[in-house]
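Q: Okay, handing you the structure first.
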Amino acid sequence: MNDLEDLKDAMHSTPDFEPRPLDLDAVLAQGGRLRRRRRFAVGATAGVAVLALLVGGAQVARLGHDGSGSGSVAAAGSPNQVAASPAGDVLGDVIETGLRTPEGEQVLWVKPLEDEALPGVTFGLVLGRRTANGGLVSDILINETQGSDRAPGFHSPEGPMEVNGVPTPAFGYYAGADAAKITVTADGRRVQARTAVWSEDPSIVVFWFDPAKVKSGTKLTKLAAYDDQDRLLTGSGATFGVG
């Protein structure tokens, strides 16, 4: 090695530096954690949202929150884009929440997902609106990102927020046929969710909290599911993601 090479080596090295193999799994995991909080512009129809989400291949189902294995994204597009969701984007019955907004009733539905990297994930849960002309507009899509989307316990709980200035409920789903009641502690107050059993699989219980009782910015703890004997069920204590 000549003097110039010695100088270059000294300038590019740090004291006690020892090269080591690159851990690609760790790098990819970190990248996944960063992507989990990515959110798209809000307001497109469900069909447009699917296109926007699938452009990145496995990116859809890998969005999540703080290692919980769940993810969420808001649909892409303009709030003025209103049309019926394609029939293939809705699995089973649309769930009416009873929550009204100036742009229509907030509703929930299950949509199919397909990602070779996530063989255990076959569906996601959408919070959207049913418009006056009967169309379904997607606002938020959440889905499992690790293991099976039907494993016992909570999946993809999403905290309350505002979409285009309209409050959205905290929502998610619980897998387990014994879930008769779901509650959360909101700023120290225990609040019970409204629930509905998915028409295509009675082991999936969809839940949501009234935004008037669980507001955006509220500290949420102790998410819990109980059976009809008021016994605590598997997965209780899951945390919410937001954004």
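The values are calculated or read from the model by the stated rules, or taken from the named source; none is laboratory data. Quick caveat: nothing in here was measured; it's all calculated off a predicted structure. Note that we place each Cβ from the backbone using ideal geometry, even for glycine, and neighbour counts take in every protein chain shown.
Here's the yes/no breakdown for (1) modelled with pLDDT under 95; (2) in contact with a helix residue (DSSP H, G or I) (Cβ under 6 Å, 6 or more places away or on another chain):
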site	(1), (2)
107	no, no
115	yes, yes
124	no, no
134	yes, no
154	no, no
166	yes, no
177	yes, no
193	no, no
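Q: For residues in the stretch 215-233 being modelled with pLDDT of 95 or more and within 18 Å of the chain's Cα centre (by Cα), which is nearest to residue 171 (Cα to Cα)?
A: Ranking the qualifying residues of the stretch 215-233, first place goes to 223.
Q: A further question on this structure: All but one of (1) touching a Phe, Trp or Tyr at 6+ places or on another chain (Cβ under 8 Å); (2) not in a strand (DSSP E or B) hold for residue 111; state the number of the condition that does not hold.
A: With (1) touching a Phe, Trp or Tyr at 6+ places or on another chain (Cβ under 8 Å); (2) not in a strand (DSSP E or B) applied to residue 111, the lone miss is (2).
Q: Here is a further query. Residues that are farther than 18 Å from residue 214 by Cα and polar (S, T, N, Q): list the strands (runs of 3 or more DSSP E) wholly contained in the stretch 128-196 that include at least 2 such residues.
A: 136-144
Q: So, one more: Taking the stretch 197-220 only, how many residues are in a strand (DSSP E or B) and either touching a Phe, Trp or Tyr at 6+ places or on another chain (Cβ under 8 Å) or under 17 Å from residue 127 (Cβ atoms) (or both)?
A: So the count comes out to 6.
Q: Follow-up question, since we're still on this one. Inspect the stretch 215-226 for any residue being surrounded by 21 or more Cβ atoms within 10 Å (Cβ to Cβ) and closer than 20 Å to residue 95 by Cα and give the result as yes or no.
A: yes
Q: Considering the stretch 183-212 alone, what residues qualify as being surrounded by fewer than 15 Cβ atoms within 10 Å (Cβ to Cβ) and acidic (Asp, Glu)?
A: 187, 200
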